[in-house]
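The values are calculated or read from the model by the stated rules, or taken from the named source; none is laboratory data. None of the values given here were measured: they were computed from a predicted structure. FYI the Cβ positions are ideal-geometry reconstructions off the backbone, even for glycines, and counts take in every protein chain you see. With ligands, DNA and RNA removed, areas are computed over all heavy atoms of the protein, side chains included. Shrake-Rupley method; radii C 1.70, N 1.55, O 1.52, S 1.80 Å.
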Amino acid sequence: MRIQLVAAALLVSSTAGAWSRRDTETDIGPAVVHGKLEGPIAVFTVRYVIPVKSAMYTAALSGIDLPARGLVTSATARSNGVAHPLGMLPAEEASTKFGELADVEEGVVGRDKTNAITITSSTGRAEVGVASARSGVFTIEVTIAAPTCFYRDARYVSVPASWTKVADFTLRRIPVNAKAVTAACEPADEDGIEAPRTWIGFAAPELTRKPSGDRIGAFAGRLPLGEEHIVRVELGLAGQLGDVPRDLATVVLVDGSRSMSSQEAEAQRQLVASYLKAAPESRVQVLAYARTTRPLLPGWTSASQAAARVDRELRSLAPRNGSNFDVALADAAIWLERIQGTRRIVLVTDERMADRLEATPPATLRRLLPPETLVQVVAVDERATEPRRDEDAKLAPLAAATDGMAVRLGPLDDPKQLDTTLLVRPMSLDMVKVKAPGWTEIDLSPGAVHCGSEPEGLLREGQSCTWWGEGDVSSGPVVVEGLVWGKRVQRLLRPDAGHARDVARELSARDVLDAKLKEKVDGLARAVNDHWSLYVAWGGSAKYPGEFGFGMAGGGSGCGCGGSHDIGIGIGHGHMGWEPPDLASQLRPLLAACHVENVRISVALEMTLVEIVELSASLEFRDDASAAVRRKQQTCVEEALWDATPMVRHVEPRATYNVTLEAKR
């Protein structure tokens with residue numbers, strides 16, 4: 001059955017919206033971001049810090065921006081040093097459980113109410129709901145999975161811009177050419193989110209270890225959906241598909257016939273200059289052919305040394321009658337037989353030839369050449385521009401018979417723009433086709449590069465493409481094939497159901513299926529979406545009154561800058577219209593049991609996020625205080641401070657706070 005595509009957007013559950021006692025929502029920024037690559041999937045662990053001013057209950061406390069097509073797969077909340085893993089529950093069940101925490105009639109104001117955290121789905125993001133019996137700090141560590149785009153030996157994913165300042169070093173070490181990555185991959189805003197985004201890359205050098213010309217990777221994931229099955233195929237090429245052989249020796253056959261126009265002669269000269277520049281360390285000989293051939297160099301010469309002389313010879317080349325490229329091939333064979341190494345011929349022609357050559361099957365000319373000689377055919381045409389593969393060129397069968405290829409090019413206004421590297425080493429997989437008996441292609445990746453959709457089925461080195469298909473349980477292997485120059489490359493793929501969850505999560509985040517299939521996909525994804533939510537509850541059993549208000553301390557933005565701060569640091573950003581107390585007000589009550597009313601205390605707190613990792617306390621005692629009293633109060637103060645949970649305005653990965661506690665006399 002044909003899958004129907006839809007453009008519906010994800011909506012927040014109406015029952016979830018009913019939980020909130022107000023419609024206020026604020027975003028929280030990440031404090032720390034870690035990431036790793038698991039196959040083609042980027043897995044992030046993101047820590048968020050939520051200071052809470054006082055007891056609260058709301059299902060729309062904050063919004064968390066996600067990577068493009070990313071989904072929350074798990075989370076752990078921490079409160080007072082205790083970890084509370086969130087369970088994956090059906091969204092409706094999680095909604096009911098959270099909603100039952102509030103009761104208009106039975107709710108009471110007290111400290112024995114249930115604490116709870118829930119994470120629900122919204123459009124391209126996640127929402128965090130919190131029920132807190134008292135003020136404090138919640139730390140939520142969220143695991144997010146997102147599909148990546150392969151480009152030039154790295155895998156990229158579009159993430160919220162706020163992540164970059166707090167991401168770990170491994171996520172910042174790969175330089176990103178945002179313009180190039182955006183052009184090669186799907187648009188960063190394809191999920192419709194307007195929040196600023198940036199690209200993060202993960203090194204993926206596996207293909208670079210393969211032999212030259214065969215640095216091609218392909219895999220297929222299968223998603224069973226009952227009677228329907230969906231397959232996702234990805235094809236990728238290494239950043240450098242092939243190398244220039246160190247022992248390369250090339251005979252360039254230039255057309256010196258009178259049928260060449262001046263524009264075609266100029267295109268030929270530009271071609272030769274570009275070829276010699278692209279392989280400067282190789283050996284070359286250039287033969288001009290008409291009725292006979294004439295060498296333009298005295299012998300085999302390095303390309304870098306030959307460039308100037310060859311250019312002079314071509315500029316002064318006198319056109320002659322005849323276009324006997326068969327004679328030229330035979331003479332090129334003589335030159336090639338004199339040397340060892342990788343043997344190639346670049347045959348330039350205006351394709352105007354005698355009837356006897358028109359009648360000769362081009363592929364049969366291969367027998368004139370030494371074994372394993374590769375021929376590249378270049379048809380010069382004054383109507384053409386940049387070099388492009390042309391399977392309709394008259395001598396294309398000769399190139400194909402030797403695993404070479406035929407291209408067509410014309411003169412350029414700026415010769416410096418001509419790049420003939422594609423004749424020196426493989427740079428693309430051409431004529432890409434996906435053969436999938438039992439599968440029908442479907443478009444589930446708007447904006448992405450589809451395998452075989454580009455002109456001539458071209459896939460350039462460093463790029464990747466995807467192919468989606470629908471079938472059933474009987475649908476079998478998928479074959480991906482293409483040409484590297486003239487050599488046919490095939491990959492037989494058996495779609496792996498072991499990647500079903502990854503495929504389901506990508507489709508769930510895209511929301512491109514009809515309602516019936518989407519419900520199945522969301523269920524198999526096991527991530528926060530329309531079907532699933534995360535939920536955890538702990539603590540007391542009392543409920544929240546229906547009129548219960550809420551408050552929060554903004555969100556730990558985690559700027560990643562660190563630093564030192566003097567006294568008076570409070571919590572939150574004032575988003576809720578209140579000013580939090582400073583650290584002195586928070587710490588002073590903790591010392592009541594130490595009987596330090598007549599002592600001045602200077603405290604230095606070293607913190608990572610909301611954790612105290614080091615502290616020192618200096619006490620100025622009265623002159624008549626005994627040594628025993630001093631030791632006892634010093635120890636009491638330090639122990640009390642180590643048990644503190646300070647709430648600060650800007651939650652930073654590392655910071656020091658200096659607090660002075662003035663005691664009354």
Which ³J(HN,Hα) values, rounded to whole Hz and listed in residue order, are derived for the stretch 403-411 from phi using the Karplus coefficients 6.51, -1.76 and 1.60 in 6.51 cos²θ - 1.76 cosθ + 1.60 with θ = phi - 60°, glycine and proline given as x? 6, x, 9, 10, 10, 10, 8, x, x
Accessible area of the stretch 326-398 belonging to carbon and sulfur atoms, whole % at 1.4 Å probe: 47 percent
Sequence neighbours fewer than 8 away in the same chain don't count; with that in mind, list the lysines whose C-alpha is under 28 Å from residue 632. 664
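Sorted by accessible area (1.4 Å probe), largest first, how do 169, 44 line up? Mind showing how you got there, number by number?
Numbers: 169 135, 44 0 Å².
Correct descending sequence by accessible area is 169, 44.
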Sorted by chain and number, the residues with a modelled amide H under 5 Å from that of residue 451, at a separation of 5 or more or across chains, are 466, 467
Distance violations [Cα-Cα > 20 Å] among 36/165; 277/416; 433/518; 394/433: 433/518; 394/433
Given H placed 1.01 Å from N in the peptide plane, which residues other than close sequence neighbours of residue 513 have an amide H under 5 Å from its amide H? 6
With every protein chain kept in place and a 1.4 Å probe, the residues 642, 485 fall, from largest accessible area down, as 642, 485
What aspartates and glutamates could a cross-link reach from residue 53, if we take a straight Cα to Cα line under 19 Å and drop same-chain neighbours fewer than 8 places away? 23, 25, 27, 112, 547, 579, 582, 611, 643, 652
Phi angles of the stretch 373-381, converted by Karplus (6.51 cos²θ - 1.76 cosθ + 1.60, θ = phi - 60°) into ³J(HN,Hα) in whole Hz with x for Gly and Pro, give 8, 9, 10, 9, 9, 10, 8, 8, 8
Once the whole set of protein chains is in place, how much accessible area is left on residue 620, using a 1.4 Å probe, in Å² to the nearest 10? 100 Å²
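Determine the share of the stretch 403-482's accessible area contributed by carbon and sulfur atoms, expressed in whole percent, with a 1.4 angstrom probe.
49 percent
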Using θ = phi - 60° and Karplus 6.51 cos²θ - 1.76 cosθ + 1.60, couplings along the stretch 265-275 (whole Hz; Gly, Pro as x): 5, 5, 4, 5, 5, 4, 4, 4, 4, 5, 5
Computed accessible area, residue 117, all protein chains, 1.4 angstrom probe, square angstrom: 0 Å²
Assuming R0 = 25 Å, what is the FRET efficiency of residue 368 and residue 302, from their Cβ-Cβ distance, to the nearest 0.05? 0.45
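Might you tell me the accessible area per residue for the stretch 199-264, computed with a 1.4 Å probe and given in Å²?
Accessible area per residue, the stretch 199-264: 36 Å².
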Would you tell me the accessible area of residue 636, worked out with a 1.4 angstrom probe on the heavy atoms of the protein chains, in Å² to the nearest 10? 40 Å²
Please find the FRET efficiency linking residue 435 to residue 180, where r is the Cβ-Cβ separation and R0 is fixed at 41 Å, and quote it to the nearest 0.05. 0.85
